[in-house]
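Inspection log for the structure reproduced underneath, given as structure tokens.
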């Protein structure tokens, strides 16, 4: 196991316990809702956003207990968005990370309330503990997550996505959509980790924000390439499920070759944003590799 | 028009403009989402919660501009809950305040995102402007709204409501449900108005919180009585739609006479909580009358 893999799995393992403690306990009423909230958050995914918070927090000299809380808040928002996106009126998915989706395992009404409650919990986590020595900065952190989650952030990106079905988007329009849908929360994960510490100045924080923007966009470009190539190779189709669903992707707009070039360019730009940090940004570099140079 | 009616309609009129300015403008992208958010919040209802914030804020010597923002945050949460509750997987309502519900006028996916985005907007409003001279108190205000909205507040009450269909609840269980479903946000509206000012001490704030608890519960008891009596009178049925939907109500559990006595007792208890405030609590008393002694 590489040094990065050890770092990541140690954080993933520890963070699972953090989430278990921060989510409402299953014996607390209303039990079915709390059980469904835990089902939707725990044992889920690679925790990419929390890992970005941890790496950014390390760089900023932040206390790990504070970073745990902001990482958990971001993960609650991410988890709520998956629960709502999977619902029949949105993507109508029945499986998520190999398990039945929340509305299948429980019911639609519960899934709706799970998402709503996870969003409230995120803002509770950002407000009930000390996360910055300066409470005014902590209020800015609340605002940062609210904007990243709302109609000019993640939820807005989702609305663009709905509107784009069957439409011919330009590359800038597609970029606009993904910067909101995926990018906003990835940037928030990094910035919230940074604001738990006080070692970085405004110019450095701007560099990290640009890093987050590049990584967030590359994440989506890579997704599109993998979707197209996996289907082509494994299903013998020339295009992936996004194209079948009549959704514009970087592959349908640019072709696989240009899309791959775009992700490589974004990777280089992300790395360039970290150049001023030296060895302190090692984990962020490794995370960029992990997110952009992946096979699934 | 009584002095109270003038006060209330002046605030309602002014507050409509406040909401119009705080909601994302309809020409801002994503337009359909922003249009649907405005549709779901504007021209809606009696603004009971904001009026409670205004009255409590007056008593606490709060700056009106600050109270406008907390009242708007509470109203965004209330409006999101109505949009989600009306969806087919919840109450499946097609009309709200005489207009088609959000998912009927737009579509279900948009309604889901409208609710999600309104919740984010509420927390943005509580964090992006100065609402208290002490930023630590403002962080407590964020927490207060998060808890009141989440799984141990409004959303949790809704989950209890779902679980209660077809079940025989006890009066304490029914009270527990309504204290969460309706009461939590009514109490938050009052406390957030109070925290915008600094004229009240802890004991006085506790009195106002108890006032909010009584008014919130009485609100629901009166709803149940009106539902049962309106149906009995106008539809010739002996019980209202809640009973038909097999939902436990104060009327089904206690009978109309005892339910009316309960609302009168809560009204008296609410008034009693205000006794220390003298003339300064006039508007709160009038609002208690407005909420509890109503005909529809």
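The values are calculated or read from the model by the stated rules, or taken from the named source; none is laboratory data. Just so it is clear, the structure is predicted and the values come from calculations on it, not from any experiment. In this analysis, Cβ positions are derived from the backbone assuming ideal geometry, glycine residues included, and neighbour counts consider all displayed protein chains.
Conditions (1) modelled with pLDDT of 95 or more; (2) surrounded by 24 or more Cβ atoms within 10 Å (Cβ to Cβ), marked per residue:
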| residue | (1), (2) |
| --- | --- |
| B:76 | yes, yes |
| B:82 | yes, no |
| B:86 | yes, no |
| B:89 | yes, no |
| B:99 | no, no |
| B:114 | yes, yes |
| B:126 | yes, yes |
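A count restricted to region A:171-202 and to residues that are part of a helix (DSSP H, G or I) and under 19 Å from residue A:58 (Cβ atoms) stands at 10.
Scan region B:82-99 for residues that are under 15 Å from residue B:47 (Cβ atoms) and within 14 Å of chain A (Cβ to nearest Cβ) and the total you get is 1. Evaluating residue A:197 against the criteria (1) at pLDDT 95 or above; (2) under 17 Å from residue A:161 (Cα atoms); (3) over 20 Å from the mean Cα position of the chain (by Cα) leaves one unmet condition, (2).
In this structure, residue A:104 does not satisfy being within 11 Å of chain B (Cβ to nearest Cβ), surrounded by 15 or more Cβ atoms within 10 Å (Cβ to Cβ), part of a helix (DSSP H, G or I) and touching a helix residue (DSSP H, G or I) at 6+ places or on another chain (Cβ under 9 Å).
Here's a check for you: in region B:123-140, which residue that is more than 8 Å from chain A (Cβ to nearest Cβ) and part of a helix (DSSP H, G or I) is farthest from residue A:109 (Cα to Cα)? The residue in question is B:137.
Given the options A:69, A:82, A:52, name the one that is assigned to a helix (DSSP H, G or I) and touching a strand residue (DSSP E or B) at 6+ places or on another chain (Cβ under 8 Å). Going through A:69, A:82, A:52 in turn, just one is assigned to a helix (DSSP H, G or I) and touching a strand residue (DSSP E or B) at 6+ places or on another chain (Cβ under 8 Å): A:82.
Only one of the numbered conditions (1) assigned to a helix (DSSP H, G or I); (2) crowded, with 21+ Cβ neighbours inside 10 Å is violated by residue B:62, and that is (1). Kindly provide the set of residues from region B:141-161 that are facing chain A (nearest Cβ under 7 Å), over 14 Å from residue A:123 (Cβ atoms) and touching a residue at least 24 places away in the same chain (Cβ under 8 Å), ordered by number. B:156, B:158, listed by residue number.
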